[in-house]
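I have placed the structure first, in the form of structure tokens, so that the comments after it can refer back to it.
Coordinate-derived values only; no laboratory data. This structure is a prediction, so every number in the text was calculated from the model and none was measured. Every residue, glycine among them, receives a Cβ derived from its backbone with ideal geometry; neighbour counts consider all protein chains shown.
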Number of protein chains: 2
Amino acid sequence: MSVHQEKKKEIEPALIVPFVQSVRKVLATMAQMETTIGRPYGKQKGPSEHDCSGIIGFSGKVIGTVVVSFPLATASKLVAAFAGDEVDPQSSDFADAIGELTNMIAGAAKPQLGGDANITVPSVIMGRGHTVSRPSDIPCLVLPCSTVAGEFIVEIAIRTA
Amino acid sequence: MSVHQEKKKEIEPALIVPFVQSVRKVLATMAQMETTIGRPYGKQKGPSEHDCSGIIGFSGKVIGTVVVSFPLATASKLVAAFAGDEVDPQSSDFADAIGELTNMIAGAAKPQLGGDANITVPSVIMGRGHTVSRPSDIPCLVLPCSTVAGEFIVEIAIRTA
């Protein structure tokens, strides 16, 4: 492996801070919840298991994906706070709410990423214990997040193009 | 719902044909398999369940997502044909192969979509019976595909921006 490729394995800190801020801001505004963010860690050990994930793709000057993943109980509480009422996890309203939350987190971080980045519409995955992978050559950092609704993670796998 | 929104619920045929061609071409070239594509149908009834999905996002002049979803047995046979040997579905090589297959299908269709479209890197979801949703305002058409390795589907949820 070349030195150049080796270097790409570490995500740039300037690409992380905007997400720390946007997660806190979106959860505070949309779900009236304070978010504690733990020490970010690299995702070298393979994928983690999730019940509910929102995925947003980045293209342009910044490429990769950002995944916001929740245990089902946490997602249900966040969606209820976000929507103002309980929402059936099987319904399209539930997936729409998780997608919108993911979209707001990525959208609030986007202007701070230091380049023209395009973001895609969100995809929402539901399914107990699913895993989300991306190409091995894109570094991935995990932000562990904690709220009164429970814990969730934000997987940031982006790099400048 | 406005007439304009109603219209957006139907996907443009010009955005479908490139995927019919690219699926056939990529499977023939990379897995030496002929693909029979059935009559496309709209995905109004809610999400289908999958074991293994590759997701690519589109942004720019064409926005949305394309998802290639397989039962695990079909994915395993296709990856074996693609890689030239059996690959453990738990390994990162397996996810990389599914991601690359998805990337090739989207990449081969992209120039035919009639506008500047950017595609993201692929995300790969593994997990028995997961579902993939996208925002309700983007129309989704499902291409049912059949090969000697089994059946799979391509969900095309894109529209011109």
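What to note about this one:
- Label distances, nm, B:A73 versus same residue in remaining copies, Cβ-directed 7 Å point: 3.6
- Within the shell defined by Cβ-Cβ distances under 11 Å, the residues around B:A95 carry a net charge of -3, with Lys and Arg each +1 and Asp and Glu each -1.
- With bins 20 Å wide beginning at 0, the percent of Cα pairs of the protein assembly as shown falling in each bin runs 34, 59, 7.
- Diffusion coefficient, µm² s⁻¹, Stokes-Einstein with Kirkwood Rh over alpha-carbon pairs of segment B:68-150 at 20 °C and 1.002 mPa s: 148 µm²/s
- Helices in chain B that qualify as membrane-span-like (whole DSSP H runs, Cα extent of at least 20 Å along the helix axis, mean Kyte-Doolittle hydropathy of -0.5 or higher) are B:17-31, B:92-109.
- For segment B:45-80, backbone nitrogen atoms closer than 16 Å to the point 7 Å from B:S136 Cα along Cα-to-C-beta are found at B:45-47.
- Packing-based exposure ordering (other Cβ within 10 Å, fewest first) of B:M104, A:M30, B:M126: A:M30, B:M104, B:M126
- The rotation axis taking chain A to chain B passes closest to this chain A residue's Cβ, listed with the gap in Å: A:G57, 2.
- Derived value for segment A:3-160: Kirkwood hydrodynamic radius 15.6 Å. Basis is the mean of 1/r over every pair of different alpha-carbon atoms.
- Segment B:68-145 versus segment A:119-161: alpha-carbon centroid distance in Å: 18 Å
- Two-site label geometry, A:D116 and A:E151: point separation in nm, points 7 Å out along Cα→Cβ: 4.1 nm
- Inter-copy label distances at A:D88, shortest first and taken from points set 7 Å along Cα to Cβ: 4.1 nm.
- Loop trypsin sites (Lys or Arg not before Pro), segment B:61-161, which have at most 14 other Cβ atoms in a 10 Å radius of their Cβ (DSSP): B:K61
- Each copy carries a label point for A:V17 at 7 Å from Cα along the beta-carbon vector; from one copy to the others these points are 5.0 nm apart, nearest first.
- For the protein assembly as shown, the 222 nm mean residue ellipticity estimated from helices alone, with every DSSP H stretch of n ≥ 4 adding -39500 (n - 2.57) and the total spread over all residues, rounds to -10000 deg cm²/dmol.
- Ranking of B:K25, A:K43 by count of other Cβ atoms within 10 Å, fewest first: B:K25, A:K43
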